[in-house]
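Reviewing the structure listed below.
The values are calculated or read from the model by the stated rules, or taken from the named source; none is laboratory data. Quantities reported herein were computed from a predicted structural model and do not represent experimental measurements. Here the Cβ is made from the backbone with ideal geometry for all residues, glycine too, and neighbour counts use every protein chain on show. Note: accessible area is taken over every heavy atom of the protein model, side chains too, but ligands, DNA and RNA are not part of it. Shrake-Rupley method; radii C 1.70, N 1.55, O 1.52, S 1.80 Å.
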Amino acid sequence: MMSNTRSEQELVRIEKLSELRQHGDPFPNDVVVTATSERVRGNVDAEVELDEADRKRVTLAGRLMTIRLMGKAAFCHVQDRHGQIQVYVKRDDLGEAAFERFKSLDLGDIIEVTGYAFRTKTNEPSLHAEKYRLLVKCLHPLPEKWHGLTDVETRYRKRYVDLIVNKQSRDVFLARAKILGLIREFFNSREYLEVETPMMHSVASGAAAKPFLTHHNSLSLDLYLRIAPELHLKRLLVGGFERVYEMGRVFRNEGMSTEHNPEFTILEFYQAYATYNSLMDLTEELIVKLCQEVTGGLKINYKDRELDFTPPWKRITMVEAIREFGNIDSSISLESLDGIKRAAKVLGFDGIDSLDDYGRAVYEVFDVCIEERIVSPTFITKHPLSISPLSRASADDGRFVDRFELIVAGMELANAFSELNDPFEQHRRLEDQLKAKMQGDEEAMDMDEDFVTALEYGMPPTAGEGIGIDRLVMILVGATSIRDVILFPQMRPLT
């Protein structure tokens with residue numbers, strides 16, 4: 001929206017645009033770019049071996065980021081998708097009228113430059129301009145050169161400005177794109193099929209979370225934005241696709257923090273004839289590869305702590321983690337509800353005093369008191385059945401399921417389990433979830449009768465996993481807030 005309140009600088013720029021309109025279209029769209037800043041830098045040594053007349057003339061386009069006038073000449077920097085290149089402009093080459101128009105350009109303007117590559121006396125690869133053209137007038141001053149755009153909220157609200165002036169932000173999202181590409185290569189090479197499943201569901205299920213509600217006008221139907229693609233992906237296992245994966249957005253109507261955004265990107269993948277142990281191996285292999293490709297090594301300095309991704313990673317049950325990371329004395333048994341409550345007291349946590357569910361108590365103690373203490377990658381296995389309605393029960397102890405979470409830097413990065421494929425047991429557990437919802441649990445799942453029917457056709461023994469892409473990117477690029485790795489994080493509207 002055009003602002004009614006303009007600064008003096010903005011008014012000057014708008015006046016310049018008005019003058020340009022009097023001489024033709026100020027927004028030409030006939031540009032033919034023949035080189036990038038990267039190409040000019042890469043070819044400069046070969047070009048300087050030739051006489052100026054024999055050097056190849058190239059055209060590049062980009063945003064004017066700096067300008068330094070020197071009487072009858074000027075130096076400027078033009079920024080394109082590969083970075084910046086210095087451009088040398090001389091009055092004798094452009095002509096006096098064109099040079100005067102050049103001097104009236106503003107930082108942020110998008111220009112086209114044609115010329116040849118050379119090195120300056122300071123040996124900087126540059127483009128000697130023989131002609132230029134203004135393509136787009138920038139109507140707002142850019143943030144001051146030496147400080148960039150430092151206000152965090154403004155960076156999120158005006159990501160487009162952040163990307164113009166902050167190279168670090170551009171590098172983060174280039175790295176994110178590289179990570180997504182590497183993930184696809186990893187799964188495609190292992191015969192996984194990339195699929196797309198619905199973003200709007202008639203049943204809120206697939207994960208324990210409060211959903212967002214929307215409405216389908218044509219069907220006159222209330223729907224939920226998906227909280228997970230899990231149940232649709234499992235239907236594909238029933239249909240015979242034995243290895244599937246999907247990367248996409250999910251929506252959970254929960255709080256916001258530096259580690260959580262209600263709209264986030266998840267990778268979910270499922271493999272028939274595999275167990276959760278198989279996926280621990282696969283996850284370790286995937287993230288080790290990403291670390292090496294993105295950071296060049298397996299040790300990452302993150303929030304002033306060293307994360308060592310050198311395999312093999314620690315594997316420990318949730319109960320064992322409470323004892324080890326909580327420094328719980330061996331005299332306290334963690335195999336009973338009373339023992340877990342005693343451990344909670346040692347940890348200064350009184351949030352489970354009223355619970356009568358052993359599994360829920362174990363999970364709450366781990367979630368509140370232990371998870372944040374785990375730094376290097378650790379697989380936390382054997383989760384309580386009572387908080388895992390879609391997981392296969394452990395054969396050796398029915399109170400737990402064959403499930404793991406990968407914890408890194410105090411954050412959950414991945415959640416996986418051997419899938420429950422008994423339709424009758426699944427129906428019973430979803431009924432329990434429905435009862436919990438009726439009693440006020442807003443995160444409990446709904447009953448999905450069609451999913452249970454799909455299981456009745458037979459889903460092979462399967463293991464499945466979800467990985468939080470945003471948190472994974474955070475760690476690999478060293479970002480301290482999830483909003484730093486989401487291009488357009490949700491913000492409260494300005495009033």
Query - Count of residues meeting criterion [of a type in the set (G, A, S) and in a strand (DSSP E or B)] in segment 67-78 - result: 2
Report task. Test L221 against the criterion of being crowded, with 20+ Cβ neighbours inside 10 Å, more than 21 Å from M256 (Cα to Cα) and among the aliphatic types (A, V, I, L, M), and give yes or no. Result -> no
Query - Among the residues listed as R63, R81, R55, the single one being at pLDDT below 95 and either polar (S, T, N, Q) or closer than 19 Å to A35 by Cβ (or both) - result: R55
**Report entry** Residue satisfying all of: in segment 376-399; of a type in the set (V, I, T) and touching a strand residue (DSSP E or B) at 6+ places or on another chain (Cβ under 7 Å); surrounded by the fewest Cβ atoms within 10 Å (Cβ to Cβ) among these
**Finding:** T378
Query raised in the report: Can you tell me which residues in segment 110-159 are among the hydroxyl-bearing types (S, T, Y), over 28 Å from V172 (Cβ atoms) and surrounded by fewer than 18 Cβ atoms within 10 Å (Cβ to Cβ)?
Result: T120, T122
Report task. Please enumerate the residues belonging to segment 79-123 that are part of a loop (DSSP other than H, G, I, E, B), on the phi > 0 side of the Ramachandran plot and in contact (Cβ under 8 Å) with a residue 40 or more places away in the chain. Result -> G108
**Report entry** Residue check for Q292: outside any helix (DSSP H, G or I) and of a type in the set (S, T, N, Q)
**Finding:** no
Query raised in the report: In segment 160-210, what residues are out of contact with any strand residue (DSSP E or B) (no Cβ under 9 Å at 6 or more places or on another chain), open to solvent by 40 Å² or more (accessible area, probe 1.4 Å) and small (G, A, S)?
Result: A177, S189, A208
Report task. Test N415 against the stated conditions and say whether it is free of Cβ contacts under 8 Å to residues at least 60 places away in the same chain, open to solvent by 20 Å² or more (accessible area, probe 1.4 Å), among the polar types (S, T, N, Q) and part of a strand (DSSP E or B). Result -> yes
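Could you list all residues from segment 295-328 that are buried (at least 17 other Cβ atoms within 10 Å of the Cβ), closer than 18 Å to L406 by Cβ and β-branched (V, I, T)?
Across segment 295-328, the qualifying residues are T295, I300, I316, T317, V319, I322.
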Query raised in the report: Restricting attention to segment 56-66, does a residue exist that is part of a loop (DSSP other than H, G, I, E, B), under 35 Å from the mean Cα position of the chain (by Cα) and on the phi < 0 side of the Ramachandran plot?
Result: no
Query raised in the report: Taking the condition polar (S, T, N, Q), farther than 26 Å from D441 by Cβ and assigned to a loop (DSSP other than H, G, I, E, B), does T310 pass?
Result: yes
Report task. Working carefully through the options D338, D356, find the one that is free of Cβ contacts under 8 Å to residues at least 24 places away in the same chain, open to solvent by 30 Å² or more (accessible area, probe 1.4 Å), assigned to a helix (DSSP H, G or I) and farther than 29 Å from T275 by Cβ. Result -> D338
Query raised in the report: Among the residues of segment 440-472, which ones are open to solvent by less than 10 Å² (accessible area, probe 1.4 Å) and out of contact with any Leu (no Cβ under 9 Å at 6 or more places or on another chain)?
Result: D470
Query - Residue that is nearest to M318 (Cα to Cα) [pool: residues in segment 359-388 that are in contact with an Asp or Glu (Cβ under 7 Å, 6 or more places away or on another chain) and not in a helix (DSSP H, G or I)] - result: I380
**Report entry** G240 closer than 18 Å to A454 by Cβ and exposed (fewer than 14 other Cβ atoms within 10 Å of the Cβ)
**Finding:** yes
Query raised in the report: If E263 passes every condition in (1) more than 21 Å from the chain's Cα centre (by Cα); (2) of a type in the set (D, E, K, R); (3) under 24 Å from T480 (Cβ atoms) but one, which one does it miss?
Result: (1)
Requested in this report: Provide a single number: the residues in segment 266-287 that are part of a helix (DSSP H, G or I) and within 18 Å of the chain's Cα centre (by Cα).
Outcome: 3
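Let's see how each residue does on (1) of a type in the set (V, I, T); (2) more than 25 Å from L213 (Cβ to Cβ); (3) not in a helix (DSSP H, G or I):
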position	(1), (2), (3)
D396	no, yes, yes
V401	yes, yes, yes
E425	no, yes, no
G440	no, no, yes
G466	no, no, yes
L472	no, yes, no
Report task. Would you mind telling me which numbered condition in (1) open to solvent by less than 60 Å² (accessible area, probe 1.4 Å); (2) assigned to a helix (DSSP H, G or I); (3) over 18 Å from Y116 (Cβ atoms) E47 fails? Result -> (3)
Report task. Could you tell me whether any residue of segment 21-38 is over 23 Å from R170 (Cα atoms), modelled with pLDDT of 95 or more and surrounded by 18 or more Cβ atoms within 10 Å (Cβ to Cβ)? Result -> no
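Condition check ((1) among the β-branched types (V, I, T); (2) more than 20 Å from Q490 (Cβ to Cβ); (3) touching a residue at least 40 places away in the same chain (Cβ under 8 Å)) across all residues:
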| residue | (1), (2), (3) |
| --- | --- |
| Y224 | no, no, no |
| V238 | yes, yes, yes |
| R249 | no, no, yes |
| F264 | no, no, yes |
